[in-house]
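Chemist: Following this message is one structure expressed as structure tokens.
The values are calculated or read from the model by the stated rules, or taken from the named source; none is laboratory data. Not measured: the values here are computed from a predicted model. Neighbour counts are summed over all protein chains in view; Cβ atoms, including those assigned to glycine, are modelled from backbone coordinates with ideal geometry. In case anyone asks, the SASA skips ligands and DNA or RNA and just uses the protein heavy atoms, side chains included. Shrake-Rupley method; radii C 1.70, N 1.55, O 1.52, S 1.80 Å.
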Amino acid sequence: MKAWFTVLLLLTLGSILPLSAAAQTPIRILACEPEWAALAEEIGGDDVIVHSATHGRQDAHYIRARPSLIAKVRRADILFCSGAELEIGWLPILMQRGARSIVQAGQPGHIMAADHVDVLERPEVIDRSLGDIHPGGNPHVHLDPRNITILAEVLANRLVTIDPSRSSAYHDRLVSFKARWADAMTEWHERVQNLDGMKVIVYHKAWPYLLQWSGLNRVASLEEVSGIPPTASHLAHVLELARNHGAQVIIRAPFEPVDASDWLSGKTEIPVVELPFTVGGHPEARDLFSLFDITLTSLEEIRDRP
């Protein structure tokens with residue numbers, strides 16, 4: 001009788017313990033870019049394991065579908081990317097190499113940021129002669145902090161759908177994040193008032209969300225055709241625009257070439273500032289809050305130069 005009781009007890013524990021362990025398994029999130037990894041950590045906390053396919057000094061257009069990424073997408077419960085075809089050169093390959101059904105398009109684990117916010121610069125004509133254009137519009141939606149609030153809610157809702165047992169934890173983190181983000185945005189709004197109308201030159205047209213939110217005025221782009229290095233004739237045209245329109249700063253991202261911006265700065269004495277662009281693009285841009293703090297501080301320092 002005692003032996004049967006022991007067997008019954010072991011069978012019962014064997015049926016209960018895996019379920020209990022499974023309930024505590026973290027949700028695995030593969031983010032295509034560091035900004036979405038940072039947001040996932042804010043909302044998911046200790047209940048998620050987050051990996052970013054790219055780092056802050058890397059151009060997300062151009063990465064390889066490495067075996068390590070294939071392994072991560074096969075285990076992912078959520079795929080969180082910018083979308084609008086930013087990742088068109090490598091993400092489809094990852095998805096074809098064994099991504100689970102839950103992260104496929106139309107499923108709760110598939111989040112493309114550009115699907116949930118107003119996208120700028122949707123092209124009227126799709127022509128490859130125009131360079132590296134995105135048919136779905138400009139994908140760099142994270143550079144408008146108002147979009148971050150929207151996407152935090154999207155992510156929290158998907159986490160609750162996939163992992164309802166921890167819905168209260170996701171909800172509490174969302175509420176906390178939105179409150180802290182709202183306070184930060186109030187401060188940032190006051191700061192950008194003093195940047196409104198500041199005339200800038202960019203390398204690549206990657207900044208429209210930041211420009212629209214902050215009121216910066218783009219005078220010219222060093223790239224005439226997106227994704228193609230500028231020609232000498234175009235640089236001469238940009239030089240003329242910079243002088244005629246009183247450009248105050250040349251903006252570039254950490255992963256963009258330095259030659260053209262340094263050349264223009266040498267000709268005009270217009271300072272070049274490297275903005276973080278995303279989390280990790282600057283040593284102090286460790287999260288979404290410091291990303292915007294560093295960006296505004298860098299522009300303010302240029303504005304306040306004698």
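Chemist: Find the residue count for the stretch 76-89, including only residues that are free of Cβ contacts under 8 Å to residues at least 60 places away in the same chain, crowded, with 20+ Cβ neighbours inside 10 Å and more than 15 Å from the chain's Cα centre (by Cα). Spell out how you get there, then give the answer.
Modeler: Step one: filter the stretch 76-89 for residues free of Cβ contacts under 8 Å to residues at least 60 places away in the same chain, giving 76, 79, 81, 83-89.
Checking which are crowded, with 20+ Cβ neighbours inside 10 Å leaves us with 76, 79, 81, 83-84, 86-87.
Pick out the ones that are also more than 15 Å from the chain's Cα centre (by Cα) and you get 76.
Number satisfying all stated conditions: 1.
Chemist: Then there's this: So, in the stretch 183-199, exactly how many residues are under 22 Å from the mean Cα position of the chain (by Cα) and free of Cβ contacts under 8 Å to residues at least 60 places away in the same chain?
Modeler: The total comes to 5.
Chemist: Look through Val103, Val50, Val73 and report the one residue that is among the β-branched types (Val, Ile, Thr), without any contact (Cβ under 8 Å) to a residue 24 or more places away in the chain and open to solvent by less than 50 Å² (accessible area, probe 1.4 Å). Break it down stepwise before answering.
Modeler: Values: Val103 fails: without any contact (Cβ under 8 Å) to a residue 24 or more places away in the chain; Val73 fails: without any contact (Cβ under 8 Å) to a residue 24 or more places away in the chain.
Of Val103, Val50, Val73, the one residue that is among the β-branched types (Val, Ile, Thr), without any contact (Cβ under 8 Å) to a residue 24 or more places away in the chain and open to solvent by less than 50 Å² (accessible area, probe 1.4 Å) is Val50.
Chemist: Moving to a separate point now. Is there any pair with a first residue in the stretch 135-147 that is open to solvent by less than 10 Å² (accessible area, probe 1.4 Å) and a second that is of a type in the set (Lys, Arg) whose Cβ atoms are under 6 Å apart and which are 6 or more apart or on different chains, and what are they?
Modeler: Hits for this filter: Gly137/Arg122.
Chemist: Enumerate the helices (runs of 4 or more DSSP H) found wholly within the stretch 167-272, keeping only those where 1 or more residues are of a type in the set (Lys, Arg) and open to solvent by 20 Å² or more (accessible area, probe 1.4 Å). Before the answer, list the steps.
Modeler: On the way: elements: 167-193, 208-214, 232-245, 259-268.
Once the helices (runs of 4 or more DSSP H) in the stretch 167-272 are filtered for at least 1 residues that are of a type in the set (Lys, Arg) and open to solvent by 20 Å² or more (accessible area, probe 1.4 Å), what remains is 167-193, 232-245, 259-268.
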